Amino acid sequence: MKSNKEIVAEFYEKAFNNWDLSEIDDYMWDDYRQHSPEVADGKEGFLEFFRGFISLKPHVEICKMIEEDDLVCVFFKCTFESGVIAKVFDLYRLRDGKLAEHWDCTMRIDNMECKCPNGQF
């Protein structure tokens, strides 16, 4: 049996790097609850968002994943074909091995000067 962290990592590779949602029913509940203001609730809300998102041709590089109980946090770099770069924290709650709820925090960082010596990632 896969861990919640493994399920989320697999979902990211298929959806966000291969732009393939042919197995979305295996990863997400129909009543998927969304806390991102630009994305509607439910699997259909996610699919609507995703169509626009993949048109930007994103590539995701996961920097860190943390799992605790039914929660998985993903910190990643998202680079779009246009050169736009964002750093993102996604937090998921899983129920019975599928995505049930989502929160995020996103910051565009291309052309942003980093004032600390630690870098963005």
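The values are calculated or read from the model by the stated rules, or taken from the named source; none is laboratory data. Just so it is clear, the structure is predicted and the values come from calculations on it, not from any experiment. Every residue, glycine among them, receives a Cβ derived from its backbone with ideal geometry; neighbour counts consider all protein chains shown. Please note that ligands, DNA and RNA were not included when accessible areas were found on the heavy atoms of the full protein model with its side chains. Shrake-Rupley method; radii C 1.70, N 1.55, O 1.52, S 1.80 Å.
Loop-located chymotrypsin sites (Phe, Trp or Tyr not before Pro) across region 1-48 with a Cβ neighbour count of 12 or fewer within 10 Å are lacking, with loop assigned by DSSP. Surface composition of the chain: carbon plus sulfur atoms hold 51% of the accessible area, using a 1.4 angstrom probe and ignoring ligands, DNA and RNA. Excluding Gln120 itself, calculate the net charge of residues whose Cβ lies under 9 Å from the Cβ of Gln120, where each Lys or Arg counts +1 and each Asp or Glu counts -1. Net local charge, Gln120 excluded: +2.
Taken along its principal axes, the alpha carbon cloud of region 51-100 reaches lengths of 37, 23, 10 Å, longest axis first. The trypsin sites (Lys or Arg not before Pro) of region 15-121 that meet both conditions, a loop assignment by DSSP and at most 13 other Cβ atoms within 10 Å of the site Cβ, are Lys115. Loop-located GluC sites (Glu not before Pro) in region 61-104 (DSSP state other than H, G, I, E, B) with a sparse environment of at most 12 neighbouring Cβ atoms within 10 Å: Glu81. The orientation-averaged projected area of the convex hull spanned by the Cα atoms of region 1-67 comes to 5.0 nm². Net charge of the neighbourhood of Val88, taken over other residues with C-beta under 9 Å away and scored Lys/Arg +1, Asp/Glu -1, is 0. For region 1-112, relative contact order (Cα pairs under 8 Å, six or more residues apart, normalised by length) works out to 25 percent. Note on the chain: Cα convex hull, mean projected area over all directions, 7.8 nm².
Scattering from region 71-116 was approximated by placing one identical point on each alpha carbon and applying the Debye formula without solvent; log10 I(q)/I(0) at 0.16, 0.23 1/Å stands at -0.54, -0.81. Only lysines eight or more places from Lys14 in sequence, or on another chain, were considered; those with a Cα closer than 17 Å are Lys2, Lys5, Lys43, Lys57, Lys77, Lys98. The Cβ shell under 12 Å around Phe16 holds other residues with a net charge of -2, Lys and Arg each +1, Asp and Glu each -1.
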